[in-house]
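J.: What follows is a single structure, and I will ask about it in a moment.
Just so you know, all these numbers are worked out from the coordinates, no wet-lab data involved. This one's a predicted model, so the numbers in the text were calculated from it and none came from an experiment. No Cβ is skipped: glycine too gets one built from the backbone with ideal geometry, and neighbour counts run over all protein chains shown.
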Amino acid sequence: MSEIEDVSLQHKKAWEFDAYDFWVRTAGTPEERAAQDKENPEKFLKQYAKYFDCYEGIKVANICGSCGKKAIPLALLGAEVTVFDISEANKKYALETAEAAGVKIAYDVCDIMKIDMDKYAGVFDVVFMEGGILHYFHDIDAFMSVMNKLLKPGGKMICSDFHPFTKIADILGLQQPAIGYFSTEVFDGEMAHARFYDEEIRKQIPKCRYRKYNISEIINSIIGNGFTLERFDEHPAWENDKLPGEFTAIAKKEK
């Protein structure tokens, strides 16, 4: 097994640990979550709603779409959504929630770097990611190349992630270690939900392998992989609006 395959398997184990039950505890049963989504789907897209030109009939690739928390609202608004994610447990929760909400989403459990391009190349109008995913991919250029291949010519990438300043301080309270802003090291760290478990269970949760990027690495990778960067927004931290917590990059695939 190659090092890349080993890391992918490590991430899969981490994101399948108690995942379905975790979503039930924190987001509600699929039926409860679906009822909330149906009340006001655009509300659940949060600040990302403004980056979609329309919803009806567009094909969206939701990268690392997890439990469907954004995919299902998009589907309720009329989009055709395919989630790409590494976790079977996430898929189970997402599909049950979609069924309860009366919509269909496609869900491909896979390593993002091994998406079947015979099936998906040039299919999507939008690729959309949020919630902090870039640090799972240790070669950002290879990742951005995959994103570009998924899009139709002229398609849009909505890439929202944790702000690079979170490398040097735990601004979002994720209990992850601070490292140097210009560090390129790959390191072991807890998966995002580990902090919600008691210490004995927390010790059992498989670690992830992280590579965190700075602003210039992200922007230059977008530009260098066939995109025109149209907008780069910074968003305040969840509990401290004096600090940057997230960013959103909007880029178009060249026609």
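J.: Quickly estimate the mean residue ellipticity at 222 nm for the chain, helices only: each DSSP H run with n ≥ 4 gives -39500 (n - 2.57), and the total goes over all residues, rounded to 500.
T.: Details: 10 runs with 88 residues, N = 255.
Estimated from H runs of four or more residues: -9500 deg cm²/dmol.
J.: Here's something else I'd like to know. In which sequence would 238, 23 go, from the one with the fewest C-beta neighbours within 10 Å to the one with the most? Please list the in-between numbers first.
T.: On the way: 238 12, 23 25.
By the 10 Å Cβ count, ascending: 238, 23.
J.: A further question on this structure: Evaluate the relative contact order of the range 3-253 (contact order divided by residue number), counting alpha-carbon pairs under 8 angstrom at least 6 apart; express in whole percent.
T.: Numbers: 487 pairs, mean separation 45.5, N = 251.
Once divided by the residue count of the range 3-253, the mean separation gives 18 percent.
J.: Report the gain in length on full extension from residue 113 to residue 27: 0.36 nm times residue separation, minus Cα-Cα distance, nm rounded to one decimal.
T.: Working: separation 86, 0.36 × 86 = 30.96 nm, distance 2.84 nm.
Extra length available between residue 113 and residue 27 comes to 28.1 nm.
J.: Check which residues have an amide H placed less than 5 Å from residue 191's amide H, if you skip close sequence neighbours.
T.: Under 5 Å from the amide H of residue 191: 208.
J.: In addition: Suppose the chain between residue 242 and residue 230 were pulled fully straight at 0.36 nm per residue; how much longer would it get relative to their current alpha carbon spacing?
T.: Values: separation 12, 0.36 × 12 = 4.32 nm, distance 2.51 nm.
Extending this stretch completely gives an extra 1.8 nm.
J.: How far is the Cα center of the range 109-161 from the Cα center of the range 215-255, in Å?
T.: Using only Cα atoms to place each centre, the spacing works out to 15 Å.
J.: Please go through the residue pairs 38/119; 92/207; 46/203; 69/255; 212/252 and name each one whose alpha carbons sit more than 28 Å apart in this structure.
T.: Numbers: 38/119 31 Å; 92/207 22 Å; 46/203 33 Å; 69/255 31 Å; 212/252 24 Å.
Table pairs above 28 Å Cα-Cα are 38/119; 46/203; 69/255.
J.: Specify the longest stretch of the chain that does not include any exposed loop site, a site being one of the GluC sites (Glu not before Pro) with a non-H, G, I, E, B DSSP assignment and at most 12 other Cβ atoms within 10 Å. Could the numbers behind the result be given before it?
T.: Numbers: sites that count: 56, 185, 239, 254.
Value returned for the longest uninterrupted segment is 57-184.
J.: Hey, another quick one. Run through the range 102-206 and list the chymotrypsin sites (Phe, Trp or Tyr not before Pro) located in a DSSP loop whose Cβ has at most 14 other Cβ atoms within 10 Å. List each step's numbers first, then the result.
T.: Values: sites: 107, 120, 124, 128, 136, 137, 143, 162, 165, 181, 182, 187, 196, 197; in loops: 137, 181, 182, 197.
Here the sparse-neighbourhood loop sites are 181, 182.
J.: HN-Hα J couplings of the range 240-251 from phi, Karplus 6.51/-1.76/1.60, θ = phi - 60°, integer Hz, Gly and Pro as x?
T.: Calculated HN-Hα couplings, in order: 8, 6, 8, 10, x, x, 9, 9, 9, 9, 10, 9 Hz.
J.: Does the range 157-199 come out rounded, prolate or oblate, given a ≥ b ≥ c as the square roots of the eigenvalues of its C-alpha gyration tensor, rounded meaning a/c under 1.5 and, failing that, prolate meaning a/b above b/c? Spell out each step's value before the answer.
T.: Working: a/c = 1.87, a/b = 1.31, b/c = 1.42.
Cα axes put the range 157-199 in the oblate bin.
J.: Assuming a ≥ b ≥ c are the square roots of the Cα gyration tensor eigenvalues, decide whether the range 86-231 counts as rounded (a/c under 1.5), prolate (otherwise, with a/b larger than b/c) or oblate. Don't jump to the answer; show the numbers that get you there.
T.: Working: a/c = 2.03, a/b = 1.12, b/c = 1.81.
Cα axes put the range 86-231 in the oblate bin.
J.: Rounding to the nearest 20 debye, state how big the charge dipole of the range 3-253 is about its Cα centre with +1 on each Lys and Arg Cβ and -1 on each Asp and Glu Cβ. Don't skip to the end; give the middle numbers.
T.: Details: 31 positive and 41 negative charges, 94 e Å.
Result for the range 3-253 is approximately 460 debye, rounded to the nearest 20.
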